[in-house]
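Below is one structure, written out as structure tokens; comments come after it.
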Amino acid sequence: MDITRRDLFKLAGVAAVGAAVGQLNVQPVEAATKTVKLKAAPVVGSKNVTGTKYAGTAAKVYFTDKIDAAHLIKLYNLINGEIFGKVGIKLHTGEPHGPNILPREWVKAFQAQIPNSNIIETNTLYDGARYETPGHRETLTTNGWDFCKVDIMDEFGGVDLPVNGGFHLQKVNMGKTLVDYDSVVVLTHFKGHAMGGFGGSLKNIAIGMASGHVGKVQVHGYKRSEMPPPGPYWFDGVNMPLKEEFMERMADSGKATCDHFGKRIVFINVMRRLSVDCDCAGTSAAEPTMKDIGICASTDILAVDQACCDFVYTAADSADLRERIESRHGLRQLSAMAEHKMGNPQYELIQVG
């Protein structure tokens with residue numbers, strides 16, 4: 001469906017950026033007999049509301065509705081042209097026994113196809129099993145992440161990366177060893193998020209790479225000095241900023257990492273077990289109320305998160321996740337990335353069998 005700009009912003013509660021949406025052409029990457037049409041969603045957008053051809057270029061987003069290790073690898077092989085050297089795979093390894101984290105065997109098979117690679121993580125800001133490195137390592141064992149090295153990058157401190165032209169931040173403290181990597185593969189379980197509305201590739205690097213007790217404080221704008229934070233008052237809008245400012249801080253942090261790696265960072269979002277809650281919630285995460293969708297992959301962080309949001313808004317059973325996104329003003333993640341020129345909101349969706 002088409003939607004006016006006024007209706008779009010009334011629904012989403014975000015500032016206008018770029019074009020809004022119309023119909024997306026889905027071009028098969030392999031030979032096929034017809035072009036598939038995917039109805040786009042009322043988010044920040046892929047084509048303008050007049051239905052005319054957009055100006056300029058479009059990012060390529062590869063998509064498959066087959067969710068398994070073989071297709072993770074297949075999509076990765078379409079976007080890995082600039083990946084070389086020592087490779088960090090940024091994965092949310094999850095709280096103990098988390099029901100929604102990416103399956104261990106899939107990630108094991110995926111990691112085995114990337115030479116000189118290992119998983120990278122950081123400790124948490126919230127008090128829990130992964131707040132300090134020893135407990136974090138126990139959780140890694142519990143969840144089966146023992147088939148390759150897992151580098152808890154802030155185990156021995158952090159490193160500051162500059163934020164050029166940030167909304168709120170001039171620098172972000174990342175896990176210290178992040179700068180030891182030549183390239184990064186961002187492998188994300190796309191789902192909801194308690195503060196961000198949704199957690200895609202931006203959330204995975206913006207929060208997930210920031211050092212647990214310094215960088216994550218910066219990204220969250222946490223205003224109290226004692227550590228660890230007790231948790232419940234995080235969401236009162238007093239002790240840390242919410243909604244637009246939080247999304248902008250995530251965009252600042254994500255920009256620091258994207259600027260550092262340039263073309264040597266790629267993004268894969270797996271849309272399965274689409275709970276309204278992040279994998280940070282562990283066993284308390286809400287049971288998903290919508291069907292699995294598929295996998296998106298791109299060299300463009302904005303395009304890949306945009307495409308996943310479009311899929312969510314297209315899905316007939318996505319009311320719960322859409323409410324989570326809108327109540328947190330999560331679509332500001334997309335417009336903030338566009339304003340930072342982190343990627344292209346216009347994309348061509350290429351279907352992979």
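Can you tell me which of Val172, Val179 is modelled with pLDDT of 95 or more and either touching a Cys at 6+ places or on another chain (Cβ under 9 Å) or in a strand (DSSP E or B) (or both)?
The unique qualifying residue is Val172.
Of the residues that sit in region 316-329 and are surrounded by 17 or more Cβ atoms within 10 Å (Cβ to Cβ) and part of a loop (DSSP other than H, G, I, E, B), which one is modelled with the highest pLDDT?
Going through the qualifying residues, I end up with Ser318.
Of the residues that make up region 261-273, is at least one within 16 Å of the chain's Cα centre (by Cα), outside any helix (DSSP H, G or I) and charged (D, E, K, R)?
yes
Give the residues of region 189-209 that are in a strand (DSSP E or B), modelled with pLDDT of 95 or more and closer than 15 Å to Ser253 by Cβ, sorted by residue number.
The one that is in a strand (DSSP E or B), modelled with pLDDT of 95 or more and closer than 15 Å to Ser253 by Cβ: Gly199.
It is to be established whether one or more residues within region 254-276 are in contact (Cβ under 8 Å) with a residue 24 or more places away in the chain, buried (at least 24 other Cβ atoms within 10 Å of the Cβ) and in contact with a His (Cβ under 6 Å, 6 or more places away or on another chain).
Checked against the condition, which is being in contact (Cβ under 8 Å) with a residue 24 or more places away in the chain, buried (at least 24 other Cβ atoms within 10 Å of the Cβ) and in contact with a His (Cβ under 6 Å, 6 or more places away or on another chain), region 254-276 yields at least one hit.
Out of the residues in region 294-312 that are modelled with pLDDT of 95 or more and among the charged types (D, E, K, R), state the one that is surrounded by the most Cβ atoms within 10 Å (Cβ to Cβ).
Only one residue tops the list, namely Asp305.
Within region 1-120, considering only helices (runs of 4 or more DSSP H) that don't extend past its boundaries, which have at least 3 residues that are at pLDDT 95 or above and either under 21 Å from the mean Cα position of the chain (by Cα) or buried (at least 21 other Cβ atoms within 10 Å of the Cβ) (or both)?
Answer list for region 1-120: 69-79, 104-112.
Taking region 127-153 only, how many residues are at pLDDT 95 or above and either closer than 27 Å to Met247 by Cβ or among the small types (Gly, Ala, Ser) (or both)?
The total comes to 2.
The values are calculated or read from the model by the stated rules, or taken from the named source; none is laboratory data. Note that this is a predicted model, so its numbers are computed, not measured. Heads up, the Cβs are rebuilt from the backbone with ideal geometry, glycines too, and the neighbour counts pull from every protein chain shown.
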